[in-house]
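Just below is one structure, and these are the notes that go with it.
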Amino acid sequence: MGVYITQVAFEDWNDPLIQRGSALDLALAERGLPPYVPAPRPTRRMFEEKLFPPMSGFGELCDQELPGDQRRCFDWNVLVPVDFDGPIGLPIPSSYADTTTVRSAQRLLEAMRALADQVGLPGSVPAEPTDMALTAWFVKATEPGGEASRWQAAPAVVFYTALFLRAAERVIRHNCALSVS
């Protein structure tokens, strides 16, 4: 059990029972943007990571270092590769609320690059993580004698900076959506 960020399968994006694709397209049209059309299922493995360390230190860093709306850039249920300001609220239930909050991967990427420089993200962070690779990296790094003992920032801050940076990169690189479930 827990909270995961997972890649939305192509065939699930416009599932008539969920309706998130059509609801997002309407919201994008209201902003004068074209509909989001996800790429067909990638040949590579899917992105999936578990959110398990406390986020408080990461949230505090975002509050201190990021301007305006970027402070809440990690507060989303769905991340898409469409460039727009602020969140888009959809009247579609998510795993944890009666609505779905959608954010732009381009905006998240911008914010996370700034934080990665601030935190001094280690070079050992997996570049193209799939199948819980970041989670496994973090667990190994935080074992006694692991790499985390050399990190200037708190381990959870490093993990969430890496997680959200790689999530945004994945969404943009593969024209896919990610969802929190």
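The values are calculated or read from the model by the stated rules, or taken from the named source; none is laboratory data. In this text, all values refer to a predicted model and were calculated from it rather than measured experimentally. Quick reminder, even Gly has a Cβ in these numbers, built from the backbone with ideal geometry, and neighbours come from all protein chains shown. Quick note on the areas: whole protein, heavy atoms, side chains included, nothing else; ligands and nucleic acids left out. Shrake-Rupley method; radii C 1.70, N 1.55, O 1.52, S 1.80 Å.
Over 16 Å from Ala177 (Cβ atoms) and among the β-branched types (Val, Ile, Thr): is that true of Val37 in this structure?
No; evaluated as a whole, the condition is false for this residue.
Take segment 138-181 and flag every residue that is without any contact (Cβ under 8 Å) to a residue 24 or more places away in the chain and surrounded by 18 or more Cβ atoms within 10 Å (Cβ to Cβ).
Ala141, Ala148
Just the residues that are of a type outside the set (Phe, Trp, Tyr) and open to solvent by less than 60 Å² (accessible area, probe 1.4 Å), please, taken from segment 1-17.
Correct list: Gly2, Val3, Ile5, Thr6, Gln7, Val8, Ala9, Asp15.
Count, please, the residues in segment 14-71 that happen to be hydrophobic (A, V, I, L, M, F, W, C), assigned to a helix (DSSP H, G or I) and either modelled with pLDDT under 85 or at positive phi (or both).
0
Specify which of the listed residues (Ala97, Ala111, Ala116) is out of contact with any strand residue (DSSP E or B) (no Cβ under 7 Å at 6 or more places or on another chain), modelled with pLDDT under 90 and small (Gly, Ala, Ser).
Exactly one of Ala97, Ala111, Ala116 is out of contact with any strand residue (DSSP E or B) (no Cβ under 7 Å at 6 or more places or on another chain), modelled with pLDDT under 90 and small (Gly, Ala, Ser), namely Ala97.
Name the residues in segment 26-56 that are closer than 26 Å to Leu115 by Cβ, crowded, with 16+ Cβ neighbours inside 10 Å and not aliphatic (A, V, I, L, M), would you?
Those that are closer than 26 Å to Leu115 by Cβ, crowded, with 16+ Cβ neighbours inside 10 Å and not aliphatic (A, V, I, L, M): Tyr36, Phe47, Glu48, Glu49, Lys50, Pro53.
With the structure loaded, tell me whether Gly123 is in contact with an Asp or Glu (Cβ under 8 Å, 6 or more places away or on another chain), without any contact (Cβ under 8 Å) to a residue 60 or more places away in the chain and assigned to a loop (DSSP other than H, G, I, E, B) or whether it fails that test.
It is false that Gly123 is in contact with an Asp or Glu (Cβ under 8 Å, 6 or more places away or on another chain), without any contact (Cβ under 8 Å) to a residue 60 or more places away in the chain and assigned to a loop (DSSP other than H, G, I, E, B).
Could you list, in sequence order, the residues of segment 128-163 that are acidic (Asp, Glu) and in contact with a Pro (Cβ under 8 Å, 6 or more places away or on another chain)?
Once the filter is applied, which keeps residues that are acidic (Asp, Glu) and in contact with a Pro (Cβ under 8 Å, 6 or more places away or on another chain), segment 128-163 yields only Glu147.
Going through Met46, Met55 one at a time, which residue ends up being farther than 20 Å from Glu169 by Cα, in contact (Cβ under 8 Å) with a residue 40 or more places away in the chain and within 14 Å of the chain's Cα centre (by Cα)?
None of the other options fit; the residue is Met55.
Here is a yes/no grid of residues against (1) in contact with a Cys (Cβ under 8 Å, 6 or more places away or on another chain); (2) not in a loop (DSSP other than H, G, I, E, B):
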site	(1), (2)
Trp76	no, no
Leu108	yes, yes
Ala114	no, yes
Asp117	no, yes
Ser149	no, yes
Glu169	no, yes
Ile172	no, yes
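Can you tell me which residues in segment 84-99 are open to solvent by 80 Å² or more (accessible area, probe 1.4 Å) and either of a type in the set (Ser, Thr, Tyr) or touching a Leu at 6+ places or on another chain (Cβ under 9 Å) (or both)?
Answer for segment 84-99, where residues must be open to solvent by 80 Å² or more (accessible area, probe 1.4 Å) and either of a type in the set (Ser, Thr, Tyr) or touching a Leu at 6+ places or on another chain (Cβ under 9 Å) (or both): just Tyr96.
Within segment 131-146, is even one residue outside any helix (DSSP H, G or I) and under 17 Å from Met46 (Cα atoms)?
yes
If Ala177 satisfies all but one of (1) small (Gly, Ala, Ser); (2) under 15 Å from the mean Cα position of the chain (by Cα); (3) on the phi > 0 side of the Ramachandran plot, what's the number of the condition it fails?
That leaves (3) as the condition not met.
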